[in-house]
Amino acid sequence: MKKYKNGEIWEFEQQMGSGGRQVILGLDGGTTSTVCICMPVLPFSQPLPDPLPVLARSVAGCSNHNSIGESAARETLEQVMADALSNSGSNRSNVGAVCLAVSGVNHPTDQQRILNWLRDIFPSHVRLYVQNDAVAALASGTMGKLHGCVLIAGTGTIAYGFTEDGREARAAGAGPILGDWGSGYGIAAQALTAVVRAYDGRGPETMLTSSILQTLELSAPDELIGWTYLEPSWARIAALVPVVVSCAEAGDQVANNILLDSVQELALSVKAVVQRLGLGGEDGKNSFPLVMVGGVLEANRRWDIGKEVINCISKAYPGTLPIRPKVEPAVGAALLAWNFLTNETQNEVGTKR
């Protein structure tokens with residue numbers, strides 16, 4: 001193993017022996033937070049246990065290189081993996097496979113760059129896999145099987161799908177500047193814009209004005225300009241989504257229209273993926289899983305964005321089977337690592353015969 005420049009992150013290994021059980025690392029890295037799960041390597045010939053055995057879980061901040069830069073993103077990823085191994089009583093020699101599912105991985109060059117970096121960190125025997133974070137979210141709903149479509153709507157949004165023969169497609173996920181409409185950022189940014197428009201006299205009066213000012217402890221709409229540009233954080237703006245939902249539930253038409261627009265945008269992303277992959281079949285009635293992930297889609301209010309998105313998609317594709325995962329995306333990444341490792345091991349055994 002090479003001596004990596006951030007060696008102090010791995011100083012805990014000096015207190016450990018070289019033995020121990022073999023483990024897998026699954027990492028879900030997003031714009032808001034990064035989670036790493038450490039699981040034991042499960043027997044390939046047996047069904048997955050329920051619940052899945054999680055040895056350790058560690059959490060850090062943003063790891064999207066498009067948001068915080070490549071150096072900061074790598075440091076976050078490395079630290080969260082080291083914490084998960086340390087908390088599980090394991091070290092890098094125990095690792096059988098790593099799956100990093102990270103937002104901002106949008107091109108094979110992104111994957112290769114991260115793979116090259118990972119190879120500097122881990123021993124040569126470790127199997128390394130890099131995916132977009134949407135792939136782990138899909139796997140969290142299908143327990144590691146890459147088939148169907150996932151819709152993520154948190155700070156950002158993306159739809160990602162796979163056919164059973166391995167074809168894949170995505171829609172949206174280009175970030176807030178290029179139009180992640182329907183995301184938490186998109187909803188909140190429209191709400192802030194509506195408040196400014198109402199203040200200027202360019203738009204209708206809205207309950208959003210008083211509600212957002214109260215939430216942010218501001219006294220006048222023109223103070224929103226300073227608040228918005230004080231800290232360039234998409235997640236900070238997206239945190240206003242519950243205020244928009246509350247105003248819509250209270251009957252504010254401006255807030256209601258913003259949420260209706262978000263439903264249409266999110267549904268369009270899924271429909272684009274389903275159509276390109278033919279998941280619904282020629283008549284649109286074939287069954288396929290639709291995994292729903294992210295705070296915007298959580299069913300915890302009367303104005304249920306996730307439910308409305310499902311209703312919209314089901315009109316075009318009645319075979320849609322909505323799934324709300326029982327495990328988090330980081331566990332989905334660990335299951336992907338386990339499945340990749342299983343398939344490679346079985347292929348190697350078959351080749352030797």
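The values are calculated or read from the model by the stated rules, or taken from the named source; none is laboratory data. This structure is a prediction, so every number in the text was calculated from the model and none was measured. Note: ideal-geometry Cβ built from the backbone for every residue, glycine included; neighbour counts use all protein chains shown.
Annotations
- Number of the exception - A73 against (1) within 29 Å of R170 (Cα to Cα); (2) out of contact with any strand residue (DSSP E or B) (no Cβ under 9 Å at 6 or more places or on another chain): (2)
- Test: residue in segment 176-186 that is among the acidic types (D, E), without any contact (Cβ under 8 Å) to a residue 60 or more places away in the chain and more than 30 Å from V243 (Cα to Cα): no
- Within segment 168-181, one or more residues are charged (D, E, K, R), surrounded by fewer than 23 Cβ atoms within 10 Å (Cβ to Cβ) and in a strand (DSSP E or B).
- Any hit, segment 272-291, residues being under 18 Å from R170 (Cα atoms) and free of Cβ contacts under 8 Å to residues at least 24 places away in the same chain: yes
- Cβ pairs under 8 Å, 6+ apart, first in segment 1-22 and at pLDDT 85 or above, second of a type in the set (V, I, T) and outside any loop (DSSP other than H, G, I, E, B): Q22/V95
- Those residues of segment 106-142 which are closer than 13 Å to L27 by Cα, outside any strand (DSSP E or B) and in contact with a helix residue (DSSP H, G or I) (Cβ under 6 Å, 6 or more places away or on another chain), in sequence order: A136, A137, A139, S140
- Members of segment 299-341 found to be under 14 Å from the mean Cα position of the chain (by Cα) and either closer than 22 Å to S246 by Cα or surrounded by fewer than 15 Cβ atoms within 10 Å (Cβ to Cβ) (or both), listed by number: R324
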